[in-house]
Amino acid sequence: MIIKDISKNFGGIKALNSVSLEIKKAKITAIIGPNGSGKTTLFNIISGIVAPDNGNIMFQEKDITKMQDFKIANLGISRTFQDVKLFKNLSVKDHIKISLTKDYESMIKSALKKDKNIDKEIESILKPFNLNEKLNDYVSDLSYGQRKLLDLAVAVSKNHSVLMLDEPVAGVNPKLRELISVILKNLSKKGETIILIEHDINFIMSLADYIYVLNFGSVIAHGPPKKIKNNKKVLEAYLGE
Ligand code: ADP
Ligand code: MG
């Protein structure tokens with residue numbers, strides 16, 4: 001994916017200022033930066049929820065800049081949201097079942113069908129997420145951390161070629177953070193293309209192949225983790241928060 005010269009103003013706020021980045025296949029690309037630096041806005045633009053003022057996004061040789069959000073999702077861009085979006089009155093299992101189906105009709109059929117094969121598939125999907133014991137629990141009965149895990153599991157189980165994760169470890173405890181880190185490493189080993197938004201630099205260092213740092217809507221540094229770690233501009237941006 002090539003993101004080129006993306007700009008976005010909200011009223012007087014320059015949320016993004018000519019941001020360009022390249023997302024390489026089968027790598028973890030991290031977008032980090034202080035709160036309000038434009039990370040989520042960039043995700044919203046990539047996924048077609050927000051229209052940019054300028055710039056364009058190429059994905060699989062297509063210009064997706066003006067494409068509708070559901071069409072972009074159908075191209076295989078699967079994302080999570082900073083504020084987890086799940087159905088309170090559906091179970092863990094139902095969420096995965098729905099995300100495995102490709103269209104509305106098969107969604108209804110699969111909801112009505114009791115299929116042992118689907119159950120097996122769901123169990124194997126949920127295994128790395130430690131959610132199999134919660135299979136029949138409603139989302140309303142899950143802890144915050146379990147919801148973050150389920151949200152990630154839903155994004156992973158959708159048919160996709162790129163995973164976009166907006167702060168998957170925000171607010172979770174250290175143990176769960178480690179679990180999510182392992183899950184992401186394993187996905188990457190399998191060849192997944194991952195774009196990871198994170199506020200916490202330390203979490204990213206051992207995970208990312210390449211890092212872009214946003215501050216006030218501009219890319220102030222980019223490079224492999226080693227190069228970013230001691231970058232003066234990056235440290236200053238975080239200290240000034
Ligand atoms: P981050 O995810 O890095 O914390 P955001 O992309 O959420 O940052 O926000 C960047 C800036 O754009 C912030 O100043 C935020 O208040 C503003 N912003 C984001 N979305 C909107 C919106 N829909 N309307 C108005 N301002 C917005
Ligand atoms: Mg954000």
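Of the listed pairs K62/K175; K88/K226; K24/K233, which have alpha-carbon separations greater than 31 Å here? Show your work: numbers first, answer last.
On the way: K62/K175 40 Å; K88/K226 41 Å; K24/K233 24 Å.
Over 31 Å apart, Cα to Cα: K62/K175; K88/K226.
So what is the calculated 222 nm ellipticity per residue for the chain, using -39500 (n - 2.57) for each DSSP H run with n of 4 or more, over all residues, to the nearest 500 deg cm²/dmol?
On the way: 10 runs with 91 residues, N = 241.
Calculated at 222 nm, the ellipticity per residue is -10500 deg cm²/dmol.
I'd like the accessible area for T40: 1.4 Å probe, protein heavy atoms, all chains in place, Å² to the nearest 10.
Accessible area, nearest 10 Å²: 40 Å².
What are the extents of the Cα atoms of the range 150-241 along their three principal axes, in Å, largest first?
Principal extents (Cα only, largest first): 38, 27, 23 Å.
Probe radius 1.4 Å, ligands and nucleic acids ignored: give me the carbon and sulfur share of the accessible area of the chain as a rounded percent.
Values: 6650 of 12920 Å².
Roughly 51 percent of what the probe reaches on the chain is carbon or sulfur.
Can you list, bin by bin at 5 Å, the percent of alpha carbon pairs in the range 110-171, starting at 0?
Binned Cα distances yield the sequence 3, 15, 25, 25, 19, 9, 3, 1.
If you project the alpha carbons of the range 145-200 onto their three principal axes, what span does each projection cover, largest first, in Å?
Here the spans come out as 29, 19, 18 Å, largest first.
Among the listed pairs K93/K134; K97/K189; K8/K85; K66/K148; K14/K39, give every one whose C-alpha distance is greater than 19 Å.
Details: K93/K134 8 Å; K97/K189 25 Å; K8/K85 24 Å; K66/K148 30 Å; K14/K39 12 Å.
Checking Cα-Cα distances, K97/K189; K8/K85; K66/K148 exceed 19 Å.
How high is the FRET efficiency from F216 to Y138, r the C-beta distance, R0 45 Å, rounded to 0.05?
Values: r = 41 Å, r/R0 = 0.91.
Working from the Cβ atoms, E equals 0.65.
Within 10 Å, count the other beta carbons around each residue, average over each peptide in 129-142, 156-169, and list them highest first. Intermediate values should be presented prior to the final figure.
Working: 129-142: 15.6, 156-169: 20.6.
Per-residue mean Cβ counts within 10 Å order the peptides as 156-169, 129-142.
What is the projected area of the convex hull of the Cα atoms of the chain, averaged over all directions, in nm²?
On the way: hull surface 53.7 nm².
Spelled out: convex hull of the Cα atoms, projected over all directions, averaged, 13.4 nm².
The values are calculated or read from the model by the stated rules, or taken from the named source; none is laboratory data. Since this is a predicted model, take the numbers as computed values, not measurements. With ideal geometry, Cβ positions are generated from the backbone for all residues, glycine too; neighbour counts draw on all protein chains shown. Please note that ligands, DNA and RNA were not included when accessible areas were found on the heavy atoms of the full protein model with its side chains. Shrake-Rupley method; radii C 1.70, N 1.55, O 1.52, S 1.80 Å.
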